[in-house]
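Read-outs: derived from the displayed coordinates by stated rules, not from any lab. Given the structure is predicted, the values throughout are model-derived calculations rather than measurements. Note that each Cβ is placed from the backbone with ideal geometry, even for glycine, and that neighbours are counted across all protein chains shown.
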Amino acid sequence: MSLNNNLTEDQILLRDTVRKFAEDIIKPQAKELDEKEEFSYDITRQMSEMGFLGAFLPEEYGGSELDYVSYIILVEELARIDSSQAATIAAHNSLGVGPLYYYGNKQQQNKYLPELAGGKLWGFGLTEPNAGSDAGNTQTTAVKDGNEWVLNGAKIFITNAGTDITLGSTVLAVTGEKANGKKELSCFLVENGTRGFTQKTMHEKMMWRASNTAELYFEDCRVPAENMLGEQGDGYKQMLGTLDNGRLSIAAMGLGLAQGAFDYALNYARERKTFGRAIATYQTNAFKLADIDMGIELARNYLYDTCRKLDRKERFSKESAICKLYCSEVAHTAANHCVQLLGGYGLMKEYDAERYYRDQKLLEIGEGTSEIQRLVISRMIGCYE
Amino acid sequence: MNILVCISRVPDTASRILIGSDSKTIDPAGIKYVVNPYDEFGLEEALRLRTKNGGEVTAVTVGTAASTDVMRTALAMGADKVVLIKSENEPTDSFYVAKNIAELAKEISPDLILCGRQSVDYDSFQMTSVLAELLDMPSVSIVSALTVDSDKLTAERDIEGGKETVEAPLPCIISAQKGLNEPRYPKLPDIMKAKRKAIEERDAIPSEERVTISEMSILSKQRVGTILSDSDEDIAELVRLLHEDAKVI
């Protein structure tokens, strides 16, 4: 990691601090939590005390007031050690806190944000069993009844939505039909404990096993009208905006994982000897490591640059799709080469390479598959006009 | 209670050190600089004493203009005030550094001065003693436990094969040893606030350099293996080596 990528003094200090925290606190527990598929309340509490949960929120809500580059570095450094903890932080900030902060009214912000910066979690209920990339096909409905909305339907793969410290979730639902015949979508803030709303934690995951993923069920679940996020019919726009930001944190997870796998692989390749020489000195291995390093350097520069665009409030939809796609592919290559360089040991759970290899796979699927990212990019460059 | 903490800016121990073309300095390119780890113990102890007794913590470093980064770290950890005494080149002479810190100490009259037991760059181990001499204060070095009362302190020192407990009147100079405390991680909001706080900068006073470096070289890296037998003595030695040298158990 030779380049400082034009980081400011405080960004470097933040990077070093999070790196140390991740290595001291998370690393010793990562393997066991993964093995047991256990969400750690203790680590989450410590991350909250460090200010990770209200990363970019202003101080008035108890947030850390990070610029976006700093937030992305936070996620990257966590993912370098453990994707599960990085996922908890990335999902909470980008998908949980994000929509409330960007689209919520003052009353909603005052009600929820201080708690969400102070140790509670919030989910983002978008994906359904029959609506993933195709969010327009959302089937969860909300019907107005007096001063309440009545929700029915189900959500799936919702990060952070089913823990004991989850306060609630933002839920996308169909609230009518638009003039063009398409579904009108709106978002609702639904608190855990609301009658008719149940959360079921999903098990047997391949990756991110120490993060919480839940299914959400709504059966005649009544929420007060004031729990609508923004205006009726804003749901689709809010969702797209949230995903643009969210893609950058998934990209950060890819970048961090790639760096972790690379460091691990390089270290091993310089130590491990075959035929009397370190395996890093064989060109076939050396070139693999050179390729990963090149990918990481390019990914980091492009990702940070895109975050600076966001901080300057410039458009970044295409760039964020490129970040997400590229970083997750670099992570894929890094994890794959890492296992290959470790040979038989790479296949054993005792070595971190195996966990990197499993954890990276989500990055090509979650928050828009790699195929969807290519669709976004190809649309933005005018292929279909 | 006013406390002065001396901070040295050193290369991260994981950095790959290269000698500059003059054979007398370290090539700074590609090196990550950090707060000297032993100074972190000193700063942490100062912050804890402030929490207990009130007062103000001032952190000082003598270094080049680039040293604002370690001052920023001190602010983020909780120092009230930081002073960067700017020298033209990276200071290597302990007397020069001590002389500059002593001048500041005379201005702010601290009740306690904390240093690390050594800086992990030049390892001269001199700061505590030279400062004590210049300021005519008692000093206690390599302290691993500290209690401070209104006019005196009690310190535990690591000595070969044991510990000794000493007392000294305030004001006093202490050098911190590992084990004194567990330094905190700066919290993210404090890092962000630290960037808005001021770093007081002043030029170093000219002072003679009593020791100058004439040449630096890097030892050629050779792996030295140790072969131990299965005697009880050697097994104990193996455990000691794994614990103290390799630090894996």
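Name the residues whose placed amide hydrogens come within less than 5 Å of the amide hydrogen of B:Cys172, ignoring near sequence neighbours (fewer than 5 apart) on the same chain.
Here B:Leu112, B:Ile113 satisfy the definition.
For peptide A:12-21, what's the mean number of Cβ atoms from other chains within 10 Å of each residue's Cβ?
5
Taking 1 over the mean of 1/r across every pair of different Cα atoms in the range A:310-385, what Kirkwood radius in Å do you get?
For the range A:310-385, the Kirkwood estimate is 14.0 Å.
Given the -39500 (n - 2.57) contribution per DSSP H run of 4+ residues, what per-residue ellipticity at 222 nm results for chain B, rounded to the nearest 500 deg cm²/dmol?
-8000 deg cm²/dmol
Separation of the range B:176-229 and the range A:289-305 by C-alpha centroid, Å?
Answer, in whole Å: 30.
Please compute, over every Cα-Cα pair in chain B, the percentage with a separation greater than 23 angstrom.
Result for the distance tail: 54 percent.
With Cβ to Cβ distances under 12 Å as the rule, what net charge do the other residues near B:Leu114 carry (K, R +1; D, E -1)?
Once positives and negatives cancel, what remains is -2.
By DSSP, what percent of the beta bridges with both residues in the protein assembly as shown are antiparallel, rounded to the nearest 5?
Here the share of antiparallel DSSP bridges comes out near 60 percent.
In whole Hz, with x marking every Gly and Pro, tabulate ³J(HN,Hα) for the range B:83-99 from phi via Karplus 6.51 cos²θ - 1.76 cosθ + 1.60, θ = phi - 60°.
10, 9, 8, 7, 10, 5, 10, 4, x, 10, 9, 4, 4, 4, 5, 4, 4
List the relative contact order of chain A as a percent without decimals, with contacts defined as Cα pairs under 8 Å and 6+ residues apart.
Worked out over chain A, it gives 16 percent.
Quick one: what are the phi-derived ³J(HN,Hα) couplings along the range B:5-14, Karplus 6.51/-1.76/1.60 with θ = phi - 60°, whole Hz, x for glycine and proline?
Once rounded to whole Hz, the list reads 10, 8, 10, 10, 9, 10, x, 3, 4, 7.
Which order do the peptides A:265-271, B:16-22 come out in when sorted by mean C-beta neighbours inside 10 angstrom, highest first?
For the peptides A:265-271, B:16-22, the packing ranking is A:265-271, B:16-22.
Taking chain A as a Gaussian network, Cα atoms linked when under 10 Å apart, which of A:Ala225, A:Ala161, A:Ala90 shows the biggest mean-square fluctuation?
Top of the fluctuation ranking is A:Ala225.
Identify all aspartates and glutamates with a Cα-Cα distance to B:Lys152 below 20 Å; exclude those on the same chain that are fewer than 8 residues away in sequence.
B:Glu44, B:Glu45, B:Glu56, B:Asp111, B:Glu133, B:Asp136, B:Glu164, B:Glu167
Please list the non-local residues whose amide H lies under 5 Å from the amide H of B:Val82, H modeled 1.01 Å from N, same-chain partners needing a gap of 5 or more.
Amide H to amide H, under 5 Å and 5 or more residues apart or across chains, B:Val82 pairs with B:Ala59, B:Glu200.
Please list, by residue number, every one of the chymotrypsin sites (Phe, Trp or Tyr not before Pro) in the range A:326-385 that is coil in DSSP and has at most 11 other beta-carbon atoms within 10 Å.
A:Tyr384
Under 15 Å from the Cβ of B:Glu215, count the other residues' Cβ atoms, weight Lys and Arg +1, Asp and Glu -1, and hand me the total.
Here the charged neighbours net out to -1.
Count, for each residue of B:145-156, the Cβ atoms from other chains sitting within 10 Å of its Cβ, then give me the mean as a whole number.
The mean count of partner-chain Cβ atoms within 10 Å per residue comes to 0.
Can you pull the mean other chain C-beta count within 10 Å for peptide A:55-66?
Mean number of neighbouring Cβ atoms from other chains: 2.
Gaussian network model of chain B, Cα springs within a sub-10 Å range: biggest mean-square fluctuation belongs to which of B:Val239, B:Val60, B:Val120?
Comparing B:Val239, B:Val60, B:Val120 in the GNM, the peak value goes to B:Val239.
Given the peptides A:193-199, A:167-173, arrange them by the average over their residues of other C-beta atoms within 10 Å, most packed first.
Put in order of decreasing packing, that is A:167-173, A:193-199.
Taking every DSSP beta bridge that has both residues in chain B, what percent is antiparallel when rounded to the nearest 5?
40
For A:Lys313 and A:Arg379 in one chain, what is 0.36 nm times their gap in residues minus the Cα-Cα distance, to one decimal in nm?
Working it through step by step, the gained length comes to 21.6 nm.
Between beta-carbons, use under 12 Å as the cut-off and find the net charge around A:Asp10, counting Lys and Arg +1, Asp and Glu -1.
Within the 12 Å Cβ shell, the charges total 0.
Would you pull out the residues with amide H under 5 Å of A:Leu229's amide H, same chain only if 5 or more places away, H placed 1.01 Å from N?
The list, which skips near neighbours in sequence, is A:Cys187, A:Phe188, A:Leu189.
Of A:Trp122, A:Trp149, how do they rank once you tally other Cβ atoms within 10 Å and put the fewest first?
Fewest to most other Cβ atoms nearby, the residues stand as A:Trp149, A:Trp122.
Quickly work out the A:Thr284-to-B:Asp245 label distance, labels modelled 7 Å from Cα along the C-beta direction, and quote it in nm with one decimal.
Rounded to a tenth, the inter-label distance reads 3.7 nm.
Which of the GluC sites (Glu not before Pro) across the range A:274-337 are loop residues per DSSP, with 13 or fewer other Cβ within 10 Å?
For GluC sites (Glu not before Pro) across the range A:274-337 that sit outside H, G, I, E and B with at most 13 neighbouring Cβ atoms in 10 Å, the list reads A:Glu314.
Throw me the Rg/Rh for the protein assembly as shown, computed over C-alpha atoms with Kirkwood Rh, two decimals.
With Rh from the inverse mean 1/r over Cα pairs, Rg/Rh is 1.02.
What angle do you read, to the nearest 10 degrees and between 0 and 90, between the alpha-carbon axis of helix A:317-342 and the longest principal axis of chain A?
In chain A, helix A:317-342 runs at an angle near 40 degrees to the longest axis.
Apply the Karplus curve 6.51 cos²θ - 1.76 cosθ + 1.60, θ = phi - 60°, to the phi angles in the range A:256-263 and return the couplings in whole Hz, x for Gly and Pro.
For the range A:256-263, the Karplus curve yields x, 4, 4, 5, x, 5, 5, 4 Hz.
Structure shown: which of A:Lys27/B:Lys178; A:Lys27/A:Lys324; A:Lys106/A:Lys309; A:Lys36/B:Lys193 lie over 31 Å apart, alpha-carbon to alpha-carbon?
As for pairs spanning more than 31 Å Cα to Cα, those are A:Lys36/B:Lys193.
In percent, what relative contact order does chain B have, based on Cα pairs under 8 Å that are 6 or more apart in sequence?
That works out to 23 percent.
Rounded to the nearest Å, what's the spacing between the alpha carbon centres of the range B:128-175 and the range A:133-193? Just the number, please.
Value for the Cα centre distance between the two parts: 65 Å.
Pairs of Cα atoms under 8 Å, at least six residues apart: use those to get the relative contact order of the range A:122-236, whole percent.
Computed over the range A:122-236, the figure is 31 percent.
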